[in-house]
C-alpha cells in the first residue's frame, strides 16, 4: 500500500495534536470569548480544541497551521464530491454572477427537482427547504396534516435533526428510557410540554414488539419515521424484515411511512428505499443533494404532496422560507447530482467495501476488539466486539466497558496525527474524490494507530 502523492504525519512528528502553540489553539481561545463553547455546532468540537480549517481541495483539507489531512467526514456526508469540485465551483460562480437570492423561483429549482424525481423511485413531487432538520420537520407535519392524527413513531436512539418531535428519545438516559416492551418517549432538553406524549418509540429491528406498539396506537398514528442506516447507532442498518413490517402495518392502519434519507440516500443510486425494496409515502432529503451548500427537501407521492402543498387546490400545509430553493444551492445541487451518476455511485461503493475489508483485517492482525459496520460509502468503526442490535445494547456496552470510548477517542487523535480526519464518533464517509491508494493509506494509518490505543 502506498501513494507518493500523500505523506503520513508521524504521531511523534510535526503537527502533533494537541499543540498549545498552534494557530488552532489560539483561534479557539478567541472563539471561546465570543461563542458559547467556542463554536456554533456541537458536532465539530473535540477536546481540548477543534482544528480550524483553512482550505480544502478534493479529498484533502488543510488547517490554519498548514497541516494536510484526508477528509473522511466530508461535512457529515454533504460533500459527495469532496471539496471544491471544479464543476460545482463553476456552477456557483456562474450563478452568483447572475443572481444570489431572490423572492421568485428559478429554473435551477426545476432542474434539480426533475433530476431527483427521475432518480428516486418514491419521489413524484418535491419541495425544497434549507436543512435535514427542516426536511424531517415538514415530513412529520405532512403526516399529521394528511391523516389528521397526532402520533408519530420513531426509532429509539435515531437522530433526525433538532426539531422537537424528531429529537424525542435521540439519546435517552437509561434511568428514563422505560420498559423494553414499550419504551418511554423522552423529550430533548428545552422541548415544550407534551412533546413526548405525541411520540411512540420503537426499538430498531425488533419486528414483533414494533408491530404490537403500532397496532396498539393504530387509530392515532400519523406516521412512522425511520432512517434505514443510523449513524448514531454505529451505522446500524434496518433489516428488510423490520422495514417490511413497518410498510405492512402503516398501510394497514392508514399511517404514512417516512424515510429519513438525509444521510442514507448514499445507500442506493435510486434511494435507500429502492435498495430495501420498500416504497415509503414521504422521503426527507438533504446533504449530498445540495452540492455542499445548505439544503433540505421533502418528497413523496404526487397525490399526497399536491394535497398538502399545492396552493391551487387549497394546500393543507403552509410552506415558506426566505432561502428555500435559493439559486446558489440549486445550481450547486444540479452540478453535484449530475456528476454523481451510476458509475460514480458504484465506484464509491467499491471504495467503501475496500475500506471495510481493510479495517476488519487491521483489527484481526492487531488482536484488538472492534466492529466494522456500514454500507456503500458509509463506514463505522466501533471499538468493541459486543453485539449491538439497538440503542440499549449500545449504551449497555459503553457502560460495561468505559474503555470503548477511551479507545475510540485515542484512535481519533492518532489518526489526526497520521493525516486522517475521521468522525470522532467512529465513522468514515467517503467522497468521489477518494482514490484506492488513499483508502489503503487510511487502512495503513488505522493499523498503525491500533498499536497505541489504551486498554
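Residues that are in contact with a helix residue (DSSP H, G or I) (Cβ under 7 Å, 6 or more places away or on another chain) and in a loop (DSSP other than H, G, I, E, B) within the range 191-203 comprise just one, 203. For the range 29-42, the condition of being at pLDDT 95 or above, in contact with a strand residue (DSSP E or B) (Cβ under 9 Å, 6 or more places away or on another chain) and assigned by TED's automatic domain parsing to the domain that holds residue 422 holds for none of the residues. Per this entry, residue 70 is counted among residues that are surrounded by 15 or more Cβ atoms within 10 Å (Cβ to Cβ), in a strand (DSSP E or B), modelled with pLDDT of 95 or more and in contact with a strand residue (DSSP E or B) (Cβ under 9 Å, 6 or more places away or on another chain). Residue 139 fulfils the conditions (1) crowded, with 24+ Cβ neighbours inside 10 Å; (2) on the phi > 0 side of the Ramachandran plot except for a single criterion, (2). For the range 204-234, the tally of residues that are assigned to a loop (DSSP other than H, G, I, E, B) and out of contact with any helix residue (DSSP H, G or I) (no Cβ under 6 Å at 6 or more places or on another chain) stands at 4. Looking at residue 315, is it in the same structural domain as residue 95 (by TED's automatic domain parsing), on the phi < 0 side of the Ramachandran plot and at pLDDT 95 or above? Here the answer is no, as residue 315 does not meet what is asked. Which residue is surrounded by the most Cβ atoms within 10 Å (Cβ to Cβ), if the candidates are limited to the range 73-87 and must be within 16 Å of the chain's Cα centre (by Cα) and over 13 Å from residue 53 (Cβ atoms)? It comes out as 80.
Only residues that are in a helix (DSSP H, G or I) and under 15 Å from residue 242 (Cβ atoms): list them for the range 268-279, please.
Taking the range 268-279 as the starting set, the residues that turn out to be in a helix (DSSP H, G or I) are 272-276.
272, 273, 275, 276, listed by residue number.
Can you find, within the range 235-245, the residue that is nearest to residue 261 (Cα to Cα) among those that are assigned to a loop (DSSP other than H, G, I, E, B) and modelled with pLDDT of 95 or more? Step by step, filter the range 235-245, then rank; the result is 238. Within the range 308-336, the set of residues being in contact with a helix residue (DSSP H, G or I) (Cβ under 6 Å, 6 or more places away or on another chain), over 10 Å from residue 92 (Cα atoms) and assigned to a helix (DSSP H, G or I) comprises 308, 334, 336. For the range 419-430, which positions are more than 17 Å from residue 454 (Cβ to Cβ) and part of a loop (DSSP other than H, G, I, E, B)? Passing the criteria: 419, 422, 425, 430. Only one of these is surrounded by fewer than 21 Cβ atoms within 10 Å (Cβ to Cβ), under 26 Å from the mean Cα position of the chain (by Cα) and not assigned by TED's automatic domain parsing to the domain that holds residue 58: 127, 144, 94. Name it. The match here is 144.
Against the numbered list (1) within 30 Å of residue 169 (Cβ to Cβ); (2) touching a helix residue (DSSP H, G or I) at 6+ places or on another chain (Cβ under 8 Å), residue 137 comes up short only at (2).
Selection within the range 46-62: residues that are touching a residue at least 40 places away in the same chain (Cβ under 8 Å) and under 18 Å from residue 29 (Cβ atoms). The member of this set that is farthest from the chain's Cα centre (by Cα) is 51. Can you tell me how many residues within the range 403-442 are within 18 Å of residue 376 (Cα to Cα), surrounded by 18 or more Cβ atoms within 10 Å (Cβ to Cβ) and in contact with a helix residue (DSSP H, G or I) (Cβ under 7 Å, 6 or more places away or on another chain)? Residues meeting the conditions: 9. Residue count for the range 99-118 under the criterion of being surrounded by fewer than 19 Cβ atoms within 10 Å (Cβ to Cβ), part of a helix (DSSP H, G or I) and touching a residue at least 24 places away in the same chain (Cβ under 8 Å): the result is 3.
Any chance the range 357-370 includes a residue that's in contact (Cβ under 8 Å) with a residue 12 or more places away in the chain, assigned by TED's automatic domain parsing to the domain that holds residue 448, surrounded by 21 or more Cβ atoms within 10 Å (Cβ to Cβ) and part of a loop (DSSP other than H, G, I, E, B)? Break it down stepwise before answering.
Our first condition is that a residue be in contact (Cβ under 8 Å) with a residue 12 or more places away in the chain; within the range 357-370, this holds for 358-363, 365-366, 368-370.
If we keep only those that are assigned by TED's automatic domain parsing to the domain that holds residue 448 as well, we get 358-363, 365-366, 368-370.
Narrowing the set further to residues that are surrounded by 21 or more Cβ atoms within 10 Å (Cβ to Cβ) leaves 359, 362, 370.
Okay, now just the ones that are also part of a loop (DSSP other than H, G, I, E, B), so 370.
So far as the range 357-370 goes, yes, one or more of its residues are in contact (Cβ under 8 Å) with a residue 12 or more places away in the chain, assigned by TED's automatic domain parsing to the domain that holds residue 448, surrounded by 21 or more Cβ atoms within 10 Å (Cβ to Cβ) and part of a loop (DSSP other than H, G, I, E, B).
Can you name the residue in the range 297-321 that is touching a residue at least 60 places away in the same chain (Cβ under 8 Å) and farther than 14 Å from residue 140 by Cα and is also surrounded by the most Cβ atoms within 10 Å (Cβ to Cβ) among such residues?
At the first step, the residues of the range 297-321 found to be touching a residue at least 60 places away in the same chain (Cβ under 8 Å) are 297-302, 304-309, 316-317, 319, 321.
So of that shortlist, the ones also farther than 14 Å from residue 140 by Cα come out as 301-302, 306-307, 321.
On the way: 301: 19, 302: 13, 306: 14, 307: 17, 321: 14.
Across the range 297-321, the extreme among qualifying residues is 301.
The values are calculated or read from the model by the stated rules, or taken from the named source; none is laboratory data. All values reported here derive from a predicted model rather than from experimental measurement. Please note: Cβ atoms are built from the backbone with ideal geometry, for glycine as well, and neighbour counts cover all protein chains shown.
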